[in-house]
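Q: Below is one structure. I have some questions about it.
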Amino acid sequence: MISQLAFLFTISAFAPSVLAVGTPFGQAAGTTGGGSATPQVPSSLAELTSWLSDGTARVILLDKVYDFTSAEGTVTGAACKPWTCSPNPQLAIDANSWCTNYQPSAAKTTVTYYKAGTTPLKVASNKTLLGKGSAGGIRGKGLKITGASNIIIQNIKITDINAQFVWGGDAIQIDGGSRIWIDHNTFQHIGRQMVVTGYGAVTATTFSNNVFNGDSTYSATCNGQHYWVALFTGAGDQITFALNYLYKTSGRGPHVGGTSGYYQNVHVYNNYFVSVSGHAVDPGVGSKVLVEGNYFNTVTTPVLSDSGQVFLPTTSAQVAQCASALGRNCVANTLLSSGSLSSGTDTGTLNGFTASAYKGASVMAASSVGSYVQANAGVGKVN
Ligand SMILES: *[C@@H]1O[C@H](CO)[C@@H](O)[C@H](O)[C@H]1NC(C)=O
């Protein structure tokens with residue numbers, strides 16, 4: 001009897017602190033992941049792999065870094081040199097004949113990389129993957145969601161995936177899916193995308209409070225800043241991208257669209273962009289990107305001129321233009337020591353943001369974003 005009572009007490013006192021923290025908001029509102037399943041710590045790489053991909057609702061708790069780097073050995077294969085800048089350009093693995101098909105004039109070479117980076121962990125439906133304190137992470141391998149739903153990935157580091165090589169691996173890849181909350185994670189030293197969707201539609205999905213740390217030795221732009229940050233190119237993506245910290249990146253922050261016939265609506269708000277020697281938002285063909293309440297601090301090109309639609313208000317007259325579509329004014333962005341805007345005034349963007357997940361967002365003033373995001377984004381701030 002005494003031991004039963006002790007057991008019950010332990011569970012009720014412990015459980016709330018290890019389930020996902022906070023409430024998913026924006027597009028991912030209502031996501032529950034593994035729900036109230038008892039949190040379990042995987043005892044091995046194999047157990048983590050199995051638990052992420054099986055058909056059971058789970059809360060998987062990571063209390064250390066699971067290092068897959070050399071778990072599958074190395075591969076030596078064809079590669080090319082698409083970037084000729086210096087110092088330290090990334091090289092590209094000739095995955096699916098990419099070098100041959102898209103970089104025919106690039107010099108050829110041979111490289112050796114870790115296979116584990118190119119074989120992401122499958123994440124099935126009804127999972128919460130949660131880090132403990134600042135300790136939880138996955139190294140040398142990323143995560144892939146394909147047509148699954150109801151997933152929370154919170155408070156983990158994903159790092160060191162063949163960082164020297166494009167096509168060496170993505171951190172989080174989603175090809176079709178819904179009700180996905182990617183929150184309070186930290187990404188650094190990734191070969192290709194830190195996060196990417198395509199080509200299946202990714203709906204009801206929020207990327208929030210993440211640190212995209214672009215500080216790297218190798219880069220496609222040879223300035224020690226990672227280019228391949230966020231790419232949203234699914235066929236009908238509905239995404240909230242909020243309260244993230246993009247630091248020392250050089251591109252794709254985020255890149256949305258780019259495939260004729262597809263469309264994406266992405267709400268980019270209250271993000272803190274710092275030291276971006278390159279571009280932040282890139283609205284490609286098919287995209288509508290609403291950019292509000294962000295703080296751009298030392299960003300060379302806050303928004304690229306591309307063929308998608310983007311609304312990025314900076315004045316009181318512009319914020320008022322949101323009222324008819326959103327039922328509220330937008331919140332102005334702030335640009336400090338940043339490049340001037342050559343686009344971002346397309347009010348035709350706004351009819352893509354009439355859903356309550358967008359209209360109802362509580363967007364703080366850009367002046368509060370720097371201190372809020374620095375204090376709250378990334379691992380170690382929750383749980
Ligand atoms: C996820 O959980 C829901 C609710 O319990 C269930 O209906 C659904 O079948 C689960 N999905 C999978 C793929 O197991």
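Q: Put +1 on the Cβ of each Lys and Arg and -1 on the Cβ of each Asp and Glu in the chain; which of Phe165, Thr109, Ile151 then has its Cα farthest toward the positive end of the dipole?
A: Ile151
Q: Sticking with this structure for a sec: Ignoring any ligand, DNA or RNA, what whole percent of the accessible area of the range 115-239 comes from carbon and sulfur when the probe is 1.4 angstrom? Walk me through the intermediate numbers first.
A: Working: 1380 of 2910 Å².
Here it works out to 47 percent.
Q: Treating the range 255-364 as a set of equal point scatterers at the Cα positions, no solvent, please give the Debye-formula log₁₀ I(q)/I(0) at q = 0.14, 0.17, 0.23 Å⁻¹.
A: -0.49, -0.74, -1.30
Q: On to the next question. Report the local net charge at Gly55: Lys and Arg +1, Asp and Glu -1, summed over other residues whose C-beta lies under 15 Å from its C-beta. Mind showing how you got there, number by number?
A: Values: positive: Arg58, Lys122, Lys127; negative: Asp54.
For residues surrounding Gly55, the net value is +2.
Q: So, one more: What does the net charge come to around Met194 if you take all other residues with beta carbon closer than 15 Å to its beta carbon, with K and R at +1 and D and E at -1?
A: Values: positive: Arg139, Lys141, Lys144, Lys157, Arg192, Lys248, Arg252; negative: Asp160, Asp170, Asp183, Asp215, Asp282.
Around Met194, the surrounding residues sum to +2.
Q: I would also like to ask the following. First obtain the Kirkwood hydrodynamic radius of the chain from its Cα pairs, then insert it into the Stokes-Einstein equation at 20 °C and 1.002 mPa s, and state the resulting D in µm² per second as a whole number. Intermediate values should be presented prior to the final figure.
A: Numbers: Rh = 21.0 Å.
In µm²/s, the coefficient rounds to 102.
Q: Compute, for the chain, the length of the dipole vector about the Cα centre, with Cβ point charges of +1 (Lys, Arg) and -1 (Asp, Glu) only. Units Debye, rounded to 20. Walk me through the numbers on the way to the answer.
A: Details: 20 positive and 16 negative charges, 50 e Å.
Rounded to the nearest 20 debye, it is 240 debye.
Q: What does the accessible area per residue of the range 17-88 come to in Å², with a 1.4 Å probe and no ligands, DNA or RNA counted?
A: Details: 3360 Å² over 72 residues.
Per-residue value: 47 Å².
Q: Now for a different question. To the nearest 20 debye, what charge dipole does the range 252-381 have about its Cα centre, counting +1 at the Cβ of each Lys and Arg and -1 at the Cβ of each Asp and Glu? Walk me through the numbers on the way to the answer.
A: On the way: 5 positive and 4 negative charges, 54 e Å.
For the range 252-381, the charge dipole is close to 260 debye.
Q: Across the chain, how many lysine pairs, 8 or more apart or on two chains, come within less than 12 Å at their alpha-carbon atoms?
A: Lysine pair count for the chain: 9.
Q: Using the per-residue mean of other Cβ atoms lying within 10 Å as a proxy for protection, in what order, highest first, do the peptides 307-317, 181-191 fall? Walk me through the numbers on the way to the answer.
A: Working: 307-317: 19.0, 181-191: 26.5.
Put in order of decreasing packing, that is 181-191, 307-317.
The values are calculated or read from the model by the stated rules, or taken from the named source; none is laboratory data. Worth saying up front: this structure is predicted, and the values here are computed from it rather than measured. As a convention, Cβ positions derive from the backbone with ideal geometry for all residues, glycine included, and neighbour counts pool all protein chains shown. These accessible areas exclude ligands, DNA and RNA; they are computed on the full protein's heavy atoms, side chains included. Shrake-Rupley method; radii C 1.70, N 1.55, O 1.52, S 1.80 Å.
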